[in-house]
Amino acid sequence: MARTRFLQELDELRARLLRMGGLAEQAVDRACQAYIERDLTRCRMVLEGETQINLTEREIDEMAFDLLAMQQPMAVDLRFILAVTKINADLERVGDQAVNIAERVMDMVDLPKADLPVDIPRMAAAVSAMVRRALESFIEGKAELAQAVLEMDNVVDRMKDEAFIVLVKSMNEHPETTRQALDALLVARNLERVADHATNIAEDVIFWVRGADVRHNVTPEHAEHQEVTDSH
Amino acid sequence: MGVGIQVDKLNAWFGKTQALHDINMTVAANHATAVIGPSGCGKSTFVRCLNRMHETVPEARATGRVRIGELDVYNGTSAVQIRRRIGMVFQKANPFPTMSIYDNVAAGLTLNGFHDRKHLDEIVERSLRLSALWEEVKDTARKKSGASLSGGQQQRLCIARAIAVEPQVLLMDEPCSALDPISTGKIEELIFQLKEKFTIVIVTHNMQQASRVAEFTGFFLLGKLIEFDKTEKIFTTPSDKRTEDYITGRFG
């Protein structure tokens, strides 16, 4: 006898996490757009949206907790629910980073616009793409898509490192734009953190789909090899 | 001490119906191994082949090789010798109703001509302590009938009776299926402790129970052993889709 009700509840949990993903993704996109256009309206939308993200995080955790307690899930279902709770926490942190960026923009708009040698919009586009693909890998349940997200993280890390170097140089050479450079540097840092959360989400998708723990630079191949070795 | 069990190409039939197909399994000594699977999958038949209880059913037969330690179960060893080495606990507790608690535990020994009263006292007390029943019955063991105990106590009495003859292996066929959660918890705790002295094979329908008490788990389906691995592997990342479908409740 298939556990119809349980499977329906898993579908509902999945749907709720996707709604949460949509909210977090929208918050990052709005914050990045607010930075590019120095748009206070978008900043306020990000700040107001945080309440909904926090509420949704709690609802998802409650539902996952109930399912663990009431249904005693096993194997792929257990991995799925554990992955959902971890992805949920990462999405909430993505929302927090979007709020940080929005607050930074609100600080920035009072300052004169400075021509800084850093391409934040390009970095924002790369980070948004990572969040989107991480969520796609969850929707599709495809570890290959999640694997691609892990590889994108290195690109964003390099962008952040480069931004730090050029912005520190800019501060030395143009002290009059130090505050603007500092804001840009902090936004780059926020974006890099969003990319880290997208990476965590991708790792959780791989854990759910393959049962392999690839965190901390352990590749799926390495993890599989480890499992085979352990079983002998 | 417990001994390992080696099963090679075990096949079993009820008349013309084949119940087990080429089962190979290595059961580790002094560990608990759980056997799970849907009704009719052959898990009870499997454990009943280990102590040759299977052949007590008319027209039932088995082929293949089963070794219990150094003992070859189907070659040159009598069923009585086998069953002295392998204790068994069944789904429904079955104490001898006309015997006292004490006599129930001592039955295996006295039936084999063992009548040293002082030594019997020691063995009965040790067996009742091992089965976590001593404190509850120590004052009434000689007076009260085994049948007067609660269901959970009766099952622990049957475990005491089985271990009194110091077997090497303890087979348990759904030992908790008729018990409430408290009694089930006691038996599970007991299994955990008994592993130090015996090798345990437990058939269970309760997958949480398998995951709680057993280090190794085998999944049977239609008379075949589909997957056998460490319990945590079976219940978190099974290798076979059929195992996963069963333990996640997608069939069975």
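The values are calculated or read from the model by the stated rules, or taken from the named source; none is laboratory data. The shown structure was predicted, so the numbers you read here are calculated from the model rather than taken from an experiment. Neighbour counts are summed over all protein chains in view; Cβ atoms, including those assigned to glycine, are modelled from backbone coordinates with ideal geometry.
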When you scan region B:71-175 for helices (runs of 4 or more DSSP H) that lie fully inside it, which ones turn up with 3 or more residues that are surrounded by fewer than 17 Cβ atoms within 10 Å (Cβ to Cβ)?
B:79-85, B:117-130
Go through region A:76-95 and give me each residue that's without any contact (Cβ under 8 Å) to a residue 40 or more places away in the chain and within 20 Å of the chain's Cα centre (by Cα).
A:Thr85, A:Ala89
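Return yes when B:Val73 is touching a strand residue (DSSP E or B) at 6+ places or on another chain (Cβ under 8 Å) and in contact (Cβ under 8 Å) with a residue 40 or more places away in the chain and no when it is not. Walk me through it before giving the result.
Numbers: touching a strand residue (DSSP E or B) at 6+ places or on another chain (Cβ under 8 Å): yes; in contact (Cβ under 8 Å) with a residue 40 or more places away in the chain: no.
No; evaluated as a whole, the condition is false for this residue.
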Filter result for B:Ile191 (outside any strand (DSSP E or B), away from chain A (no Cβ under 14 Å) and buried (at least 20 other Cβ atoms within 10 Å of the Cβ))
yes
Quick check on B:Val137: is it under 24 Å from B:Asn30 (Cα atoms) and of a type in the set (A, V, I, L, M)?
no
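Which of the residues spanning region B:20-41 are within 24 Å of B:Glu232 (Cβ to Cβ) and of a type in the set (Gly, Ala, Ser)? Spell out the reasoning first.
Applying the first criterion (within 24 Å of B:Glu232 (Cβ to Cβ)) to region B:20-41 yields B:23-38, B:41.
Selection gives B:Ala28, B:Ala29, B:Ala32, B:Ala34, B:Gly37.
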Would region A:105-115 turn up any residue that is buried (at least 16 other Cβ atoms within 10 Å of the Cβ), farther than 25 Å from A:Asp11 by Cβ and out of contact with any Cys (no Cβ under 8 Å at 6 or more places or on another chain)?
yes
Counting just the residues of region B:196-206 that are surrounded by fewer than 21 Cβ atoms within 10 Å (Cβ to Cβ) and in contact (Cβ under 8 Å) with a residue 60 or more places away in the chain, which one comes out farthest from the other protein chains (Cβ to nearest Cβ)?
B:Lys197
Give the residue that is surrounded by the most Cβ atoms within 10 Å (Cβ to Cβ), with candidates limited to residues of region B:207-248 that are more than 10 Å from every other protein chain (Cβ to nearest Cβ) and in a loop (DSSP other than H, G, I, E, B).
B:Ala214
Quick one: what pairs do we get from region A:96-121, first residue over 13 Å from A:Arg189 (Cβ atoms) and at pLDDT below 95, second part of a loop (DSSP other than H, G, I, E, B) and among the basic types (Lys, Arg), C-beta under 8 Å, 6+ apart or different chains?
A:Met108/A:Arg38; A:Val109/A:Arg38; A:Lys113/A:Arg38
Give me a count of the residues in region A:56-84 that are aliphatic (A, V, I, L, M), at the interface with another protein chain (Cβ under 10 Å from one of its Cβ atoms) and part of a helix (DSSP H, G or I).
4
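Quick one: which residue in A:Arg179, A:Arg189 is over 14 Å from the mean Cα position of the chain (by Cα), under 23 Å from A:Val105 (Cβ atoms) and among the charged types (D, E, K, R)?
Working: A:Arg189 fails: over 14 Å from the mean Cα position of the chain (by Cα).
Unique residue meeting the criteria: A:Arg179.
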Suppose we filter A:Arg19, A:Arg5, A:Arg14 for residues that are within 14 Å of chain B (Cβ to nearest Cβ) and over 21 Å from A:Met108 (Cβ atoms); which single one remains?
A:Arg5
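Taking the condition under 30 Å from A:Asn172 (Cβ atoms), of a type in the set (Asp, Glu) and surrounded by fewer than 19 Cβ atoms within 10 Å (Cβ to Cβ), does A:Asp153 pass?
Numbers: under 30 Å from A:Asn172 (Cβ atoms): yes; of a type in the set (Asp, Glu): yes; surrounded by fewer than 19 Cβ atoms within 10 Å (Cβ to Cβ): no.
When the stated conditions are applied, A:Asp153 does not pass them.
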Tell me which of these A:Val156 doesn't satisfy, since it passes every other one: (1) in contact with a Gly (Cβ under 9 Å, 6 or more places away or on another chain); (2) under 12 Å from A:Ala188 (Cβ atoms).
(1)
